[in-house]
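Quick note: the coordinates plus some simple rules give every number you see, no bench work behind them. No experiment lies behind these values; they were computed from the predicted model shown. Glycine gets a Cβ as well: all are built from the backbone with ideal geometry, and neighbour counts include every protein chain shown.
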Amino acid sequence: MLIFSLDTKKCMNKLLLQSTFDSFLFIEGEITTFNTFHIDGRLKKEFFRQDEEASASVMEREYSLWKDVREYCFSLIKGRRTPLGFKLVFSLSAPNIERLLAQEDIPFTLSDVQGLYLNFKYNGTVLTCTTGTSMHTFTMDKSLEQAWDKMVQKFLTKHEIPYEGI
């Protein structure tokens, strides 16, 4: 687990106005402006049952993609006033977890991994990002956690999001 302090303006631009994080799963969010808005990223699959095109891709996932809720979150945050705070939780998608396991030759399978998470938190002044790894079983092996932390640092650097370790 790593905690980063992020350049708020640049990161918010990438989060809300660009497709930088669109392929991440959106687990949950909480945005506090004049009210506190809670958003559960879990898909309600019965909503899509009539739409056969959407159904195939949606039925494979448990959570929405960030690209599907980004504009809604942006509509809650934008305006003359800065939000009092927010929390956004993302997870790496299953195909990308499999890719990371293979690239780094990590001795786990996709079924061993519950999730690889990015937790963004804004307290009205500072934007932080915390990495997280969750496994279905207990293990002392930290190779996946280390690979995920390294991948997040590369991702932030590649997308020109300045950060500092805390």
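General remarks:
- Label zone at THR82, where the point sits 7 Å out along the Cα-to-Cβ direction: the stretch 112-149 residues whose backbone N lies under 15 Å: 121-128
- In terms of surrounding Cβ atoms within a 10 Å radius of their Cβ, THR32, THR157 rank from fewest to most as THR157, THR32.
- Ordered by the count of other Cβ atoms within 10 Å of each Cβ, fewest first, MET1, MET140 give MET140, MET1.
- Using θ = phi - 60° and Karplus 6.51 cos²θ - 1.76 cosθ + 1.60, couplings along the stretch 102-112 (whole Hz; Gly, Pro as x): 5, 4, 8, 6, 8, x, 10, 9, 4, 5, 7
- Cβ crowding within 10 Å averaged over residues, with 37-43, 83-89 ranked highest first: 83-89, 37-43
- Radius of gyration and Dmax over the Cα atoms of the stretch 3-165, both given in Å: 16.5, 49
- Set LYS14/LYS44; LYS87/LYS154; LYS78/LYS154 screened for pairs whose C-alpha atoms are more than 24 Å apart: LYS14/LYS44; LYS78/LYS154
- Here the relative contact order of the chain, from alpha carbon pairs under 8 Å that lie six or more residues apart, stands at 32 percent.
- The distance from the alpha carbon centre of the stretch 1-50 to that of the stretch 101-166 is 16 Å, rounded to a whole number.
- GNM top mover of THR137, THR82, THR125 - the chain, alpha-carbon springs below 10 Å: THR137
- Rg ratio for the stretch 79-166: its Cα radius of gyration over 2.2 N^0.38 Å, N being its residue count, equals 1.24.
- Cβ-derived FRET efficiency at R0 41 Å, MET140 paired with PHE47, nearest 0.05: 0.50
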